[in-house]
Amino acid sequence: MSEPYDIAVIGGGIMGCGAALRVAQGGMRPILLDMGDLGQGASGVNAGTLSLQIKRVSLIPYALRGHRMWEQMGDAVGFHKTGGFTVAFTPREAELLLERQTLKAAAGAPIEFISVEALRKAEPNLSQKVQAASFCAEDGYANASLTGQYYRARLGAAGIPYRERCAVTQITRSAHGFTLQTEGGIVSATRVLLAAGGWLRPLARMLGVDLPVAARINTVSVTERMPTIMSHVIGHATGLLTMKQKTNGTVLIGGGWQGRGTPQTGRGEVTAESLSPNLALAQFAVPALKDARVLRSWTGFEANTPDFYPLAGALAGVPDAFVLGCVRGGYTIGPYISELMGDFILGRDPELPLFDPGRDFEKALT
């Protein structure tokens, strides 16, 4: 049996790694366990969009702070601040854009509305059918495929042990903490943090708690290299499209279109029924994409709760157990909320409120 750690963090994505780093900075001795490789779940397969325009209003303060942390990570995560446009093609979409972005601007996001003429000057390859647009100079993207490499280096530098391809198969409560059965042997820890995204529900059940966690199966595609056709992050008022052209000329296309599968059965599956309208909307927004070949499409699991707000706090009914996940826009917010979670575990007052995992999910949070 291994020596007891102060805390076992289960899940090696942005939030698990970030929380492990935070508690270690506070003097705890953590160990991190992941069933796969670090940063290879949702943290590593998303489109890497860092847009404040697609975050929920009440999460804007978290997104602003998370965005600043990505900027500080810089080249190590492929950070690029390009600015971003969100466009509307119909009067109804224009109303939606005005309503949503006005609220986000009031919450602190530096979002402004611009004329169609200004948009066309900045992005001449966008469709001439755009009727309204908003702009955020802070928007940009990072390279999600670098997530694991980045956090692996940081954990190593901090002296935090981590075990990859080490699934946890059983968690039992004992007088001195928790005993975890893993594929790499037994791990003992005084505390446990569940931070495994789409796999949170089966992990919590090992402790007798049924968390209402579901998973979205988001689809992302990448084109072949193309001449420059856009220089900003491009989004759609409905949230069903995000695009950015990387420095190598490829275009990443996302928007939350759903594939098929469950976290428990492994990787999700891309479906033609979902991929086709996603690509059609992208081509409608940027007609030059009609000449592009899509090299690859893939899916990633995004965990969510019934009210689509995060789980971040103590696991109800299980002393010294904590949960962190289901953060809509978790790629942007993850580095920041993981520090809040770490502070909470350390007994400090978090800078911003956490999100009680034991709340009544039928009541909408304000």
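Some points to look at:
- Each residue in the stretch 201-236 was checked for being open to solvent by 20 Å² or more (accessible area, probe 1.4 Å), out of contact with any Phe, Trp or Tyr (no Cβ under 7 Å at 6 or more places or on another chain) and of a type in the set (A, V, I, L, M, F, W, C), and 6 pass.
- Within the stretch 27-84, being closer than 18 Å to Leu352 by Cα and part of a loop (DSSP other than H, G, I, E, B) holds for Lys55, Arg56.
- Close pairs (6 angstrom Cβ cut-off, 6 or more residues apart or separate chains): within 12 Å of Leu252 (Cβ to Cβ) and open to solvent by 40 Å² or more (accessible area, probe 1.4 Å) in the stretch 277-298, modelled with pLDDT of 95 or more and part of a loop (DSSP other than H, G, I, E, B) anywhere: Leu295/Glu224
- For Arg152, the requirement of being touching a residue at least 24 places away in the same chain (Cβ under 8 Å), outside any strand (DSSP E or B) and surrounded by fewer than 20 Cβ atoms within 10 Å (Cβ to Cβ) is met.
- A residue that is open to solvent by 30 Å² or more (accessible area, probe 1.4 Å), free of Cβ contacts under 8 Å to residues at least 40 places away in the same chain and either in a loop (DSSP other than H, G, I, E, B) or over 26 Å from Pro202 (Cα atoms) (or both) can be found somewhere in the stretch 251-263.
- Taken over the stretch 121-146, the criterion of being within 25 Å of Ala42 (Cβ to Cβ) and outside any helix (DSSP H, G or I) is satisfied by Cys136, Glu138, Asp139, Gly140, Tyr141, Ala142, Asn143.
- The residues listed here are Ala109, Ala118; of these, the one that is assigned to a helix (DSSP H, G or I), of a type in the set (Gly, Ala, Ser) and open to solvent by less than 70 Å² (accessible area, probe 1.4 Å) is Ala118.
- Any pair with Cβ under 8 angstrom, 6 or more apart, that starts in the stretch 63-87 at a residue that is more than 23 Å from Thr238 (Cβ to Cβ) and ends at one that is open to solvent by 40 Å² or more (accessible area, probe 1.4 Å) and of a type in the set (Ser, Thr, Tyr): His80/Thr247
- The residue list Gly342, Gly358, Gly313, Gly334 contains one member that is assigned to a loop (DSSP other than H, G, I, E, B) and either closer than 18 Å to Ala8 by Cβ or small (Gly, Ala, Ser) (or both), which is Gly358.
- Which numbered condition Gln245 misses (of (1) modelled with pLDDT of 95 or more; (2) in contact with a Phe, Trp or Tyr (Cβ under 8 Å, 6 or more places away or on another chain)): (2)
- Residue in the stretch 187-196 that is assigned to a loop (DSSP other than H, G, I, E, B), of a type outside the set (Ser, Thr, Tyr) and in contact with a strand residue (DSSP E or B) (Cβ under 8 Å, 6 or more places away or on another chain) present: yes
- Every residue from the stretch 74-106 that is small (Gly, Ala, Ser) and open to solvent by 60 Å² or more (accessible area, probe 1.4 Å): Ala106
- Some residue of the stretch 120-136 being over 29 Å from Pro61 (Cα atoms) and either in contact with an Asp or Glu (Cβ under 7 Å, 6 or more places away or on another chain) or of a type in the set (A, V, I, L, M) (or both): yes
- When residues of the stretch 299-325 are limited to those that are touching a residue at least 60 places away in the same chain (Cβ under 8 Å) and small (Gly, Ala, Ser), the one surrounded by the fewest Cβ atoms within 10 Å (Cβ to Cβ): Gly317
- Checked against the criterion of being within 22 Å of Pro4 (Cβ to Cβ) and surrounded by fewer than 15 Cβ atoms within 10 Å (Cβ to Cβ), the candidates Thr190, Thr172, Thr182 yield just one match: Thr172.
- Residue in the stretch 61-68 that is at positive phi and out of contact with any Lys or Arg (no Cβ under 7 Å at 6 or more places or on another chain) present: no
- Of all the criteria given as (1) over 16 Å from the mean Cα position of the chain (by Cα); (2) at pLDDT 95 or above, the one not satisfied by Gly317 is (2).
The values are calculated or read from the model by the stated rules, or taken from the named source; none is laboratory data. These figures come from a predicted structure and were not determined experimentally. A quick note on method: Cβ atoms are made from the backbone with ideal geometry, for glycine too, and the neighbour counts reach across all protein chains shown. Side chains included, ligands, DNA and RNA excluded: accessible areas come from the protein's heavy atoms. Shrake-Rupley method; radii C 1.70, N 1.55, O 1.52, S 1.80 Å.
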